[in-house]
Amino acid sequence: MAVQAGAAVDPRSAASAGGLLAGAAVRVITPDLDAPGRTVYVGGLARGLPAAGVNDELFARALVVSDPGGVSVGLVVLDLIGFFHDDVVKVREELRARYPEVALEHLAVASTHTHAGPDVIGLWLPIGESVDAQYVAEVRSKAVDAIAEAWRARRSAEIFVGASSAPGLAKDTRLPELTDDAVLVMGLRGRADGHPIATLVNWNSHPSIAGKENADLSADFPRGTVALMEREWGGVCIYTSGALGGQIGSGRVKITDPLTGEAPSTRARRAELVGEKLGGIALAALREAEGRGAAPASTIRVRQRDIMVPLDSVRFVTGLSIGLIHPRRLWSNDGKSEGLLPSELPDPTSLRPGLFSLRSEVAVIDIGPARWALVPGELYPELSLGRFQEPQDTGADFQGAEREFALRPGSDLPVFIIGLANDELGYIIPRSQWDSEPPYAYGLEEPQYGEMNSAGPQTAPIVMRAFEEILAQPM
(Lines give C-alpha, C1' and ligand atoms only; values in the text may rest on other atoms or scores of the structure.)
Protein backbone atom coordinates (compact mmCIF):
# COMPACT_ATOMS: atom_id res chain seq x y z
CA MET A 1 0.00 0.00 0.00
CA ALA A 2 1.29 3.45 -0.85
CA VAL A 3 -0.30 6.84 -0.41
CA GLN A 4 1.11 9.55 -2.62
CA ALA A 5 0.54 13.18 -1.70
CA GLY A 6 0.16 14.97 -5.00
CA ALA A 7 2.00 14.94 -8.30
CA ALA A 8 5.76 15.32 -8.37
CA VAL A 9 7.40 18.43 -9.76
CA ASP A 10 10.84 19.35 -11.00
CA PRO A 11 12.81 20.43 -7.89
CA ARG A 12 14.57 23.12 -9.94
CA SER A 13 11.30 24.87 -10.72
CA ALA A 14 10.31 24.89 -7.06
CA ALA A 15 13.74 26.20 -6.09
CA SER A 16 13.40 29.05 -8.53
CA ALA A 17 10.04 29.86 -7.00
CA GLY A 18 11.67 30.05 -3.59
CA GLY A 19 9.54 27.36 -1.94
CA LEU A 20 9.87 24.11 -0.10
CA LEU A 21 9.08 20.74 -1.64
CA ALA A 22 7.32 18.05 0.35
CA GLY A 23 6.05 14.54 -0.30
CA ALA A 24 4.72 11.74 1.85
CA ALA A 25 3.92 8.05 1.55
CA VAL A 26 3.13 4.99 3.65
CA ARG A 27 3.72 1.25 3.58
CA VAL A 28 2.05 -1.46 5.63
CA ILE A 29 4.57 -3.32 7.81
CA THR A 30 2.19 -5.63 9.68
CA PRO A 31 3.88 -9.05 9.81
CA ASP A 32 2.12 -12.00 8.21
CA LEU A 33 1.04 -14.05 11.20
CA ASP A 34 0.33 -17.04 8.95
CA ALA A 35 3.75 -17.17 7.31
CA PRO A 36 5.19 -20.71 7.57
CA GLY A 37 7.60 -21.10 10.44
CA ARG A 38 6.94 -17.64 11.84
CA THR A 39 5.85 -16.91 15.39
CA VAL A 40 5.42 -13.23 16.13
CA TYR A 41 5.91 -12.18 19.74
CA VAL A 42 4.42 -8.95 21.04
CA GLY A 43 7.05 -6.40 22.10
CA GLY A 44 4.92 -5.26 24.94
CA LEU A 45 5.13 -5.65 28.68
CA ALA A 46 5.10 -9.46 29.06
CA ARG A 47 7.74 -11.94 27.93
CA GLY A 48 6.91 -14.66 25.41
CA LEU A 49 3.41 -13.51 24.37
CA PRO A 50 2.62 -14.74 20.82
CA ALA A 51 0.54 -12.40 18.66
CA ALA A 52 -2.98 -13.80 18.29
CA GLY A 53 -4.31 -11.35 15.72
CA VAL A 54 -4.23 -7.85 14.29
CA ASN A 55 -6.31 -5.09 15.86
CA ASP A 56 -5.09 -2.49 13.36
CA GLU A 57 -2.40 -2.31 10.70
CA LEU A 58 1.15 -1.18 11.39
CA PHE A 59 2.80 1.30 9.02
CA ALA A 60 6.01 2.91 7.89
CA ARG A 61 5.07 6.57 7.34
CA ALA A 62 7.52 8.69 5.38
CA LEU A 63 8.05 12.38 4.75
CA VAL A 64 10.62 14.06 2.49
CA VAL A 65 11.19 17.83 2.53
CA SER A 66 13.54 19.78 0.24
CA ASP A 67 14.55 23.44 0.44
CA PRO A 68 15.06 25.95 -2.39
CA GLY A 69 18.78 25.18 -2.42
CA GLY A 70 18.23 21.49 -2.99
CA VAL A 71 18.95 20.27 0.55
CA SER A 72 16.61 17.35 1.29
CA VAL A 73 15.82 15.38 4.43
CA GLY A 74 13.72 12.30 4.98
CA LEU A 75 11.92 10.91 8.00
CA VAL A 76 10.29 7.50 8.17
CA VAL A 77 8.47 6.49 11.34
CA LEU A 78 7.76 2.83 12.09
CA ASP A 79 4.94 1.45 14.23
CA LEU A 80 7.48 -0.61 16.18
CA ILE A 81 8.95 -0.79 19.68
CA GLY A 82 12.29 0.46 18.33
CA PHE A 83 14.89 0.00 15.62
CA PHE A 84 18.62 -0.36 16.28
CA HIS A 85 21.23 1.90 14.71
CA ASP A 86 22.76 -0.99 12.74
CA ASP A 87 19.47 -1.47 10.90
CA VAL A 88 19.07 2.28 10.34
CA VAL A 89 22.45 2.22 8.60
CA LYS A 90 21.22 -0.69 6.47
CA VAL A 91 18.10 1.28 5.51
CA ARG A 92 20.30 4.12 4.29
CA GLU A 93 22.55 1.73 2.38
CA GLU A 94 19.59 0.01 0.74
CA LEU A 95 18.11 3.36 -0.24
CA ARG A 96 21.34 4.37 -1.96
CA ALA A 97 21.59 1.01 -3.73
CA ARG A 98 18.00 0.75 -4.94
CA TYR A 99 17.11 4.40 -5.45
CA PRO A 100 20.34 6.31 -6.21
CA GLU A 101 18.29 9.28 -7.44
CA VAL A 102 17.06 9.96 -3.90
CA ALA A 103 19.63 12.43 -2.60
CA LEU A 104 19.08 13.10 1.09
CA GLU A 105 21.27 15.16 3.39
CA HIS A 106 19.89 13.06 6.23
CA LEU A 107 17.51 10.12 6.52
CA ALA A 108 16.04 9.57 9.98
CA VAL A 109 14.37 6.30 10.92
CA ALA A 110 12.29 6.56 14.08
CA SER A 111 9.82 4.34 15.94
CA THR A 112 6.57 5.19 17.68
CA HIS A 113 7.49 2.71 20.45
CA THR A 114 4.16 0.92 20.36
CA HIS A 115 4.13 -1.86 22.93
CA ALA A 116 1.55 -3.71 20.87
CA GLY A 117 3.83 -4.29 17.88
CA PRO A 118 6.16 -7.20 17.10
CA ASP A 119 9.30 -7.52 19.21
CA VAL A 120 12.15 -6.53 16.89
CA ILE A 121 14.46 -5.79 19.84
CA GLY A 122 14.35 -9.12 21.67
CA LEU A 123 13.65 -7.99 25.23
CA TRP A 124 10.26 -9.73 25.28
CA LEU A 125 11.11 -12.96 23.50
CA PRO A 126 11.13 -16.32 25.27
CA ILE A 127 14.62 -17.42 26.26
CA GLY A 128 16.09 -19.44 23.40
CA GLU A 129 14.28 -17.49 20.67
CA SER A 130 15.78 -14.77 18.47
CA VAL A 131 14.41 -11.77 16.60
CA ASP A 132 12.90 -12.58 13.20
CA ALA A 133 15.68 -11.25 10.96
CA GLN A 134 13.60 -11.82 7.84
CA TYR A 135 10.83 -9.59 9.16
CA VAL A 136 13.34 -6.88 10.13
CA ALA A 137 14.70 -7.02 6.57
CA GLU A 138 11.15 -6.68 5.22
CA VAL A 139 10.63 -3.59 7.38
CA ARG A 140 13.88 -2.07 6.12
CA SER A 141 12.83 -2.57 2.49
CA LYS A 142 9.36 -1.15 3.03
CA ALA A 143 10.82 1.88 4.80
CA VAL A 144 13.07 2.43 1.80
CA ASP A 145 10.13 2.12 -0.60
CA ALA A 146 8.12 4.62 1.45
CA ILE A 147 10.94 7.17 1.39
CA ALA A 148 11.45 6.71 -2.37
CA GLU A 149 7.71 7.17 -2.94
CA ALA A 150 7.69 10.31 -0.82
CA TRP A 151 10.68 11.64 -2.80
CA ARG A 152 8.85 11.12 -6.09
CA ALA A 153 5.69 12.70 -4.67
CA ARG A 154 7.36 16.00 -3.73
CA ARG A 155 5.69 19.18 -4.83
CA SER A 156 5.85 22.84 -3.94
CA ALA A 157 4.59 23.26 -0.39
CA GLU A 158 3.63 25.71 2.30
CA ILE A 159 4.53 24.96 5.91
CA PHE A 160 2.56 25.67 9.08
CA VAL A 161 3.74 24.99 12.62
CA GLY A 162 1.48 24.96 15.67
CA ALA A 163 1.88 24.20 19.36
CA SER A 164 -0.45 23.36 22.22
CA SER A 165 -0.50 21.16 25.30
CA ALA A 166 -2.31 18.10 26.61
CA PRO A 167 -2.34 18.47 30.39
CA GLY A 168 -3.67 15.45 32.20
CA LEU A 169 -3.53 13.16 29.17
CA ALA A 170 -0.35 11.41 30.37
CA LYS A 171 0.89 10.40 33.80
CA ASP A 172 4.45 9.97 35.03
CA THR A 173 5.01 6.60 36.69
CA ARG A 174 8.42 7.52 38.09
CA LEU A 175 9.38 9.81 40.95
CA PRO A 176 9.78 12.74 40.86
CA GLU A 177 6.57 13.10 38.86
CA LEU A 178 7.05 15.32 35.81
CA THR A 179 5.28 15.44 32.46
CA ASP A 180 6.11 17.26 29.27
CA ASP A 181 2.63 18.20 28.03
CA ALA A 182 3.78 19.88 24.82
CA VAL A 183 1.97 18.97 21.60
CA LEU A 184 3.61 20.18 18.40
CA VAL A 185 2.22 19.86 14.91
CA MET A 186 3.59 20.62 11.44
CA GLY A 187 1.37 20.85 8.40
CA LEU A 188 2.50 20.84 4.76
CA ARG A 189 0.13 21.55 1.88
CA GLY A 190 0.45 22.29 -1.82
CA ARG A 191 1.42 25.85 -2.56
CA ALA A 192 -0.47 25.92 -5.84
CA ASP A 193 -3.66 24.00 -5.02
CA GLY A 194 -3.82 24.08 -1.22
CA HIS A 195 -4.26 20.33 -1.06
CA PRO A 196 -2.79 18.72 2.06
CA ILE A 197 0.45 16.75 1.81
CA ALA A 198 1.32 15.72 5.34
CA THR A 199 1.09 16.47 9.02
CA LEU A 200 3.61 15.64 11.73
CA VAL A 201 2.29 15.30 15.28
CA ASN A 202 4.66 15.15 18.26
CA TRP A 203 3.71 14.26 21.85
CA ASN A 204 5.29 12.63 24.89
CA SER A 205 3.83 9.36 26.14
CA HIS A 206 4.34 5.62 25.78
CA PRO A 207 1.98 3.92 23.31
CA SER A 208 1.32 1.15 25.84
CA ILE A 209 -2.37 1.55 26.64
CA ALA A 210 -3.19 -1.87 25.16
CA GLY A 211 -1.54 -3.40 28.23
CA LYS A 212 0.59 -6.41 29.04
CA GLU A 213 -2.13 -9.00 28.37
CA ASN A 214 -2.87 -7.70 24.87
CA ALA A 215 -2.02 -10.21 22.14
CA ASP A 216 -3.35 -8.29 19.12
CA LEU A 217 -0.92 -6.20 17.07
CA SER A 218 -1.70 -2.49 17.11
CA ALA A 219 -0.15 0.94 16.75
CA ASP A 220 -1.86 1.73 20.08
CA PHE A 221 -3.09 5.31 20.60
CA PRO A 222 -1.18 6.88 17.65
CA ARG A 223 -3.63 5.15 15.30
CA GLY A 224 -6.44 7.32 16.68
CA THR A 225 -4.36 10.47 16.24
CA VAL A 226 -3.37 9.57 12.70
CA ALA A 227 -6.92 8.64 11.69
CA LEU A 228 -8.38 11.91 12.98
CA MET A 229 -5.72 14.10 11.38
CA GLU A 230 -6.01 12.37 8.01
CA ARG A 231 -9.79 12.54 8.11
CA GLU A 232 -10.07 16.17 9.23
CA TRP A 233 -7.01 17.83 7.66
CA GLY A 234 -5.95 15.34 5.01
CA GLY A 235 -2.69 14.07 3.62
CA VAL A 236 -0.46 11.58 5.39
CA CYS A 237 -0.19 11.95 9.16
CA ILE A 238 3.01 10.89 10.89
CA TYR A 239 3.03 10.48 14.66
CA THR A 240 6.32 10.82 16.56
CA SER A 241 6.97 10.03 20.22
CA GLY A 242 8.82 12.71 22.17
CA ALA A 243 10.13 12.74 25.75
CA LEU A 244 8.28 9.59 26.78
CA GLY A 245 10.63 8.28 29.48
CA GLY A 246 8.47 7.36 32.45
CA GLN A 247 5.34 8.58 30.66
CA ILE A 248 3.58 5.24 30.57
CA GLY A 249 0.43 6.14 32.44
CA SER A 250 -1.94 7.16 29.64
CA GLY A 251 -3.87 3.96 30.19
CA ARG A 252 -4.77 5.24 33.67
CA VAL A 253 -6.20 8.55 32.48
CA LYS A 254 -9.94 8.93 33.00
CA ILE A 255 -11.70 9.22 29.66
CA THR A 256 -15.31 8.74 28.58
CA ASP A 257 -16.43 6.91 25.46
CA PRO A 258 -18.80 9.28 23.60
CA LEU A 259 -20.67 6.29 22.18
CA THR A 260 -21.69 4.99 25.61
CA GLY A 261 -21.13 7.86 28.01
CA GLU A 262 -19.10 5.48 30.16
CA ALA A 263 -15.49 4.42 30.53
CA PRO A 264 -14.13 2.57 27.47
CA SER A 265 -15.09 -1.10 27.51
CA THR A 266 -11.68 -2.31 26.33
CA ARG A 267 -8.09 -1.10 26.51
CA ALA A 268 -8.02 -1.03 22.69
CA ARG A 269 -10.96 1.37 22.70
CA ARG A 270 -9.27 3.47 25.40
CA ALA A 271 -6.14 3.71 23.23
CA GLU A 272 -8.22 4.84 20.26
CA LEU A 273 -9.98 7.51 22.31
CA VAL A 274 -6.76 8.87 23.83
CA GLY A 275 -5.35 9.08 20.31
CA GLU A 276 -8.41 10.91 19.03
CA LYS A 277 -8.28 13.38 21.92
CA LEU A 278 -4.64 14.08 21.16
CA GLY A 279 -5.48 14.41 17.47
CA GLY A 280 -8.16 17.00 18.30
CA ILE A 281 -5.61 19.06 20.23
CA ALA A 282 -3.11 18.85 17.37
CA LEU A 283 -5.77 19.73 14.78
CA ALA A 284 -6.85 22.83 16.70
CA ALA A 285 -3.23 23.97 16.97
CA LEU A 286 -2.73 23.46 13.24
CA ARG A 287 -5.91 25.38 12.39
CA GLU A 288 -4.67 28.23 14.53
CA ALA A 289 -1.33 28.17 12.72
CA GLU A 290 -3.15 28.28 9.40
CA GLY A 291 -4.95 31.38 10.58
CA ARG A 292 -1.60 33.09 11.10
CA GLY A 293 -0.54 32.20 7.56
CA ALA A 294 2.20 30.04 6.10
CA ALA A 295 5.74 30.48 7.36
CA PRO A 296 8.17 32.17 4.96
CA ALA A 297 10.20 29.86 2.75
CA SER A 298 13.41 28.93 4.46
CA THR A 299 16.42 26.69 4.12
CA ILE A 300 16.91 23.31 5.77
CA ARG A 301 19.90 22.91 8.04
CA VAL A 302 21.20 19.51 9.17
CA ARG A 303 23.66 18.98 12.02
CA GLN A 304 24.56 15.44 13.00
CA ARG A 305 27.08 13.86 15.35
CA ASP A 306 28.17 10.27 15.96
CA ILE A 307 28.46 9.23 19.59
CA MET A 308 29.85 6.25 21.49
CA VAL A 309 27.76 5.15 24.46
CA PRO A 310 29.20 2.75 27.08
CA LEU A 311 27.13 -0.41 27.44
CA ASP A 312 26.76 -0.82 31.19
CA SER A 313 23.40 -2.63 31.28
CA VAL A 314 23.46 -6.16 32.65
CA ARG A 315 20.17 -6.91 30.91
CA PHE A 316 21.32 -5.66 27.50
CA VAL A 317 24.71 -7.36 27.71
CA THR A 318 23.20 -10.67 28.79
CA GLY A 319 20.59 -10.50 26.02
CA LEU A 320 23.24 -9.80 23.39
CA SER A 321 25.54 -12.54 24.66
CA ILE A 322 22.89 -15.26 24.41
CA GLY A 323 21.43 -14.06 21.09
CA LEU A 324 18.13 -12.95 22.61
CA ILE A 325 18.54 -9.27 21.75
CA HIS A 326 18.78 -8.46 18.05
CA PRO A 327 22.52 -8.36 17.24
CA ARG A 328 24.24 -5.00 16.99
CA ARG A 329 27.89 -4.07 16.61
CA LEU A 330 30.09 -3.41 19.60
CA TRP A 331 33.27 -1.40 20.16
CA SER A 332 35.53 -2.50 23.02
CA ASN A 333 36.56 0.32 25.29
CA ASP A 334 40.21 -0.81 25.08
CA GLY A 335 40.19 -0.40 21.28
CA LYS A 336 40.97 -4.06 20.56
CA SER A 337 37.61 -5.02 19.04
CA GLU A 338 35.85 -2.49 16.82
CA GLY A 339 32.50 -2.85 15.13
CA LEU A 340 32.06 -6.55 15.80
CA LEU A 341 28.86 -8.45 16.34
CA PRO A 342 28.73 -10.40 19.61
CA SER A 343 29.24 -13.65 17.69
CA GLU A 344 32.38 -12.19 16.06
CA LEU A 345 34.19 -11.28 19.26
CA PRO A 346 37.51 -13.12 19.73
CA ASP A 347 36.27 -14.23 23.15
CA PRO A 348 32.47 -14.21 23.40
CA THR A 349 32.71 -14.68 27.16
CA SER A 350 34.36 -11.23 27.33
CA LEU A 351 30.97 -9.58 26.79
CA ARG A 352 30.51 -7.93 30.18
CA PRO A 353 28.96 -4.65 31.36
CA GLY A 354 31.36 -1.72 31.07
CA LEU A 355 33.74 -3.30 28.55
CA PHE A 356 32.04 -2.28 25.29
CA SER A 357 30.31 0.71 23.75
CA LEU A 358 27.54 1.20 21.19
CA ARG A 359 27.89 3.52 18.23
CA SER A 360 24.88 5.78 17.80
CA GLU A 361 24.09 9.33 16.68
CA VAL A 362 22.16 12.48 17.44
CA ALA A 363 21.01 15.08 14.94
CA VAL A 364 19.24 18.41 14.74
CA ILE A 365 17.30 19.41 11.62
CA ASP A 366 15.89 22.91 11.20
CA ILE A 367 13.03 23.20 8.70
CA GLY A 368 11.60 26.67 8.34
CA PRO A 369 10.19 27.76 11.71
CA ALA A 370 10.68 24.42 13.45
CA ARG A 371 13.45 22.18 14.76
CA TRP A 372 13.62 18.40 14.88
CA ALA A 373 15.82 16.97 17.65
CA LEU A 374 16.50 13.34 16.77
CA VAL A 375 16.98 11.48 20.05
CA PRO A 376 18.33 7.88 19.92
CA GLY A 377 16.18 6.52 22.74
CA GLU A 378 13.54 7.29 25.34
CA LEU A 379 14.23 10.73 26.80
CA TYR A 380 13.07 11.57 30.30
CA PRO A 381 11.10 14.85 30.51
CA GLU A 382 13.71 16.44 32.77
CA LEU A 383 15.99 16.48 29.73
CA SER A 384 13.40 18.15 27.54
CA LEU A 385 12.20 20.71 30.10
CA GLY A 386 15.37 21.33 32.14
CA ARG A 387 13.54 20.68 35.41
CA PHE A 388 15.59 18.34 37.61
CA GLN A 389 15.15 16.99 41.13
CA GLU A 390 16.46 19.80 43.36
CA PRO A 391 18.00 19.21 45.76
CA GLN A 392 19.23 15.86 44.57
CA ASP A 393 17.74 12.96 46.52
CA THR A 394 20.24 11.52 48.97
CA GLY A 395 19.54 8.00 47.69
CA ALA A 396 20.57 8.80 44.08
CA ASP A 397 23.74 6.99 43.00
CA PHE A 398 25.79 9.91 41.67
CA GLN A 399 25.81 12.63 44.26
CA GLY A 400 26.88 16.00 42.88
CA ALA A 401 26.33 14.92 39.27
CA GLU A 402 26.22 17.80 36.82
CA ARG A 403 22.78 18.57 35.40
CA GLU A 404 22.56 17.97 31.67
CA PHE A 405 21.66 20.36 28.87
CA ALA A 406 17.91 20.41 28.14
CA LEU A 407 16.39 20.67 24.68
CA ARG A 408 13.45 23.05 25.01
CA PRO A 409 15.08 25.89 27.01
CA GLY A 410 18.26 25.43 24.98
CA SER A 411 16.54 26.10 21.63
CA ASP A 412 15.48 29.30 19.91
CA LEU A 413 12.92 27.37 17.82
CA PRO A 414 10.00 25.14 18.83
CA VAL A 415 11.44 21.64 19.19
CA PHE A 416 9.88 18.47 17.85
CA ILE A 417 11.61 15.96 20.12
CA ILE A 418 11.60 12.87 17.92
CA GLY A 419 12.42 9.98 20.21
CA LEU A 420 13.73 6.56 19.26
CA ALA A 421 15.24 8.22 16.18
CA ASN A 422 18.06 6.34 14.45
CA ASP A 423 18.48 4.00 17.43
CA GLU A 424 16.98 2.61 20.63
CA LEU A 425 19.41 3.03 23.52
CA GLY A 426 16.61 2.56 26.03
CA TYR A 427 15.86 5.10 28.72
CA ILE A 428 17.91 8.30 28.78
CA ILE A 429 17.85 9.20 32.48
CA PRO A 430 19.43 12.27 34.13
CA ARG A 431 22.62 11.09 35.82
CA SER A 432 21.72 13.04 38.94
CA GLN A 433 18.56 10.92 39.26
CA TRP A 434 20.09 7.54 38.34
CA ASP A 435 19.22 5.08 41.09
CA SER A 436 20.19 1.41 40.74
CA GLU A 437 22.08 0.84 44.00
CA PRO A 438 20.77 0.90 47.59
CA PRO A 439 19.88 2.94 49.52
CA TYR A 440 17.20 3.83 46.99
CA ALA A 441 15.82 7.31 46.41
CA TYR A 442 12.52 8.44 47.94
CA GLY A 443 12.78 5.80 50.63
CA LEU A 444 11.85 3.02 48.23
CA GLU A 445 12.79 -0.59 48.90
CA GLU A 446 13.75 -1.33 45.31
CA PRO A 447 14.96 0.65 42.28
CA GLN A 448 12.44 2.32 40.01
CA TYR A 449 11.65 1.08 36.54
CA GLY A 450 13.98 2.56 33.95
CA GLU A 451 17.58 1.85 34.88
CA MET A 452 17.30 -1.83 33.91
CA ASN A 453 16.16 -0.76 30.42
CA SER A 454 18.89 1.80 29.76
CA ALA A 455 22.32 1.43 28.17
CA GLY A 456 23.68 2.96 31.36
CA PRO A 457 24.16 6.06 33.52
CA GLN A 458 26.50 7.72 31.04
CA THR A 459 23.91 7.74 28.27
CA ALA A 460 22.19 11.01 29.18
CA PRO A 461 25.42 13.05 29.69
CA ILE A 462 26.80 11.86 26.34
CA VAL A 463 23.58 12.35 24.35
CA MET A 464 22.77 15.74 25.82
CA ARG A 465 26.33 17.04 25.54
CA ALA A 466 26.23 16.19 21.83
CA PHE A 467 23.01 18.19 21.44
CA GLU A 468 24.50 21.11 23.34
CA GLU A 469 27.59 21.15 21.13
CA ILE A 470 25.55 20.89 17.94
CA LEU A 471 23.29 23.77 18.89
CA ALA A 472 26.28 25.90 19.89
CA GLN A 473 27.63 25.75 16.33
CA PRO A 474 27.49 29.15 14.59
CA MET A 475 24.83 29.62 11.95
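The values are calculated or read from the model by the stated rules, or taken from the named source; none is laboratory data. The structure presented is a predicted model; accordingly, all values stated were derived computationally and were not measured. Cβ placement follows ideal geometry from the backbone for every residue including glycine, while neighbour counts extend to all protein chains displayed.
Which ones in the range 369-398 are farther than 20 Å from Thr459 by Cβ and among the polar types (S, T, N, Q)?
The one that is farther than 20 Å from Thr459 by Cβ and among the polar types (S, T, N, Q): Thr394.
When you scan the range 250-268, do you find a residue that is more than 20 Å from Leu374 (Cα to Cα), at pLDDT 95 or above and buried (at least 24 other Cβ atoms within 10 Å of the Cβ), even just one?
There is no residue in the range 250-268 that is more than 20 Å from Leu374 (Cα to Cα), at pLDDT 95 or above and buried (at least 24 other Cβ atoms within 10 Å of the Cβ).
Conditions tested, residue by residue: (1) closer than 21 Å to Gly122 by Cβ; (2) buried (at least 21 other Cβ atoms within 10 Å of the Cβ).
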residue	(1), (2)
Trp331	yes, no
Glu338	no, no
Leu345	yes, no
Ala373	no, yes
Pro391	no, no
Glu402	no, no
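Quick check on my filter: what residues within the range 26-56 are hydrophobic (A, V, I, L, M, F, W, C), modelled with pLDDT of 95 or more and in a loop (DSSP other than H, G, I, E, B)?
Correct list: Ile29, Leu33, Val40, Leu49, Ala51, Ala52.
Does the range 139-149 hold any residues that are in contact with an Asp or Glu (Cβ under 9 Å, 6 or more places away or on another chain) and either more than 26 Å from Phe221 (Cβ to Cβ) or among the acidic types (Asp, Glu) (or both), and which are they?
Hits for the range 139-149 are Ser141, Val144, Ala148.
I need a count of the residues in the range 268-288 that are farther than 16 Å from Arg223 by Cβ and either in contact with a Phe, Trp or Tyr (Cβ under 7 Å, 6 or more places away or on another chain) or of a type in the set (Phe, Trp, Tyr) (or both).
Of the residues in that region, 1 qualify.
Can you confirm whether Thr199 is of a type in the set (Ser, Thr, Tyr), in a loop (DSSP other than H, G, I, E, B) and farther than 28 Å from Tyr41 by Cβ?
No.
So which strands (runs of 3 or more DSSP E) stay within the range 300-397 end to end and still have 3 or more residues that are under 22 Å from the mean Cα position of the chain (by Cα), aliphatic (A, V, I, L, M) and farther than 24 Å from Val161 by Cβ?
In the range 300-397, 300-310 are the strands (runs of 3 or more DSSP E) which contain 3 or more residues that are under 22 Å from the mean Cα position of the chain (by Cα), aliphatic (A, V, I, L, M) and farther than 24 Å from Val161 by Cβ.
Taking the range 132-162, which residues are among the small types (Gly, Ala, Ser) and farther than 26 Å from Leu188 by Cα?
The answer is Ala133, Ala137.
Looking at Leu385, Leu420, Leu407, which is the one that is out of contact with any Phe, Trp or Tyr (no Cβ under 8 Å at 6 or more places or on another chain), touching a residue at least 12 places away in the same chain (Cβ under 8 Å) and of a type in the set (A, V, I, L, M)?
Step by step, each of Leu385, Leu420, Leu407 is checked, and only Leu385 is out of contact with any Phe, Trp or Tyr (no Cβ under 8 Å at 6 or more places or on another chain), touching a residue at least 12 places away in the same chain (Cβ under 8 Å) and of a type in the set (A, V, I, L, M).
Collect the residues in the range 430-475 that are part of a loop (DSSP other than H, G, I, E, B), surrounded by fewer than 20 Cβ atoms within 10 Å (Cβ to Cβ) and in contact with a helix residue (DSSP H, G or I) (Cβ under 8 Å, 6 or more places away or on another chain), keeping them in residue-number order.
Passing the criteria: Ser436, Gln448, Gln458.
Collect the residues in the range 347-371 that are crowded, with 16+ Cβ neighbours inside 10 Å, of a type in the set (Gly, Ala, Ser) and more than 19 Å from Asp181 (Cβ to Cβ), keeping them in residue-number order.
Answer for the range 347-371, where residues must be crowded, with 16+ Cβ neighbours inside 10 Å, of a type in the set (Gly, Ala, Ser) and more than 19 Å from Asp181 (Cβ to Cβ): Ser357, Ser360, Ala363, Gly368.
Mind checking which residues of the range 134-188 are within 30 Å of Ile255 (Cβ to Cβ), out of contact with any helix residue (DSSP H, G or I) (no Cβ under 7 Å at 6 or more places or on another chain) and among the basic types (Lys, Arg)?
Listed by number, the list holds a single entry, Arg174.
Let me confirm something: among Val73, Val54, Val109, which residue is surrounded by 24 or more Cβ atoms within 10 Å (Cβ to Cβ), under 23 Å from the mean Cα position of the chain (by Cα) and at negative phi?
Val109
Limited to the range 150-174, what total is found for residues that are modelled with pLDDT under 95, of a type outside the set (S, T, N, Q) and at negative phi?
Of the residues in the range 150-174, 6 are modelled with pLDDT under 95, of a type outside the set (S, T, N, Q) and at negative phi.
Go through the range 421-450 and give me each residue that's touching a Ser or Thr at 6+ places or on another chain (Cβ under 8 Å) and at pLDDT below 95.
Pro447, Tyr449
Only one of these conditions is not met by Gly419: (1) over 20 Å from the mean Cα position of the chain (by Cα); (2) crowded, with 19+ Cβ neighbours inside 10 Å; (3) within 16 Å of Val309 (Cβ to Cβ). Which number is it?
(1) is the only condition that Gly419 fails.
What are the residues in the range 1-25 that are modelled with pLDDT of 95 or more and in contact with a Pro (Cβ under 8 Å, 6 or more places away or on another chain), if any?
Within the range 1-25, Leu20, Leu21 qualify.
Restricting attention to the range 149-176, which residues are of a type in the set (A, V, I, L, M) and under 20 Å from the mean Cα position of the chain (by Cα)?
Across the range 149-176, the qualifying residues are Ala150, Val161, Ala163, Ala166, Leu169, Ala170.
Among the listed residues Ala215, Ala219, Ala284, Ala227, which satisfies the condition of being modelled with pLDDT of 95 or more and under 28 Å from Val463 (Cβ atoms)?
From the options Ala215, Ala219, Ala284, Ala227, the qualifying one is Ala219.
Identify, please: which residue in the range 239-258 is of a type in the set (A, V, I, L, M, F, W, C) and touching a helix residue (DSSP H, G or I) at 6+ places or on another chain (Cβ under 8 Å) and is, among those, farthest from Leu407 (Cα to Cα)?
Ranking the qualifying residues of the range 239-258, first place goes to Ile255.
Every residue in the range 195-224 that is of a type outside the set (Gly, Ala, Ser), buried (at least 24 other Cβ atoms within 10 Å of the Cβ), over 12 Å from Thr112 (Cα atoms) and in contact with a helix residue (DSSP H, G or I) (Cβ under 8 Å, 6 or more places away or on another chain), please.
Thr199, Ile209, Asn214, listed by residue number.
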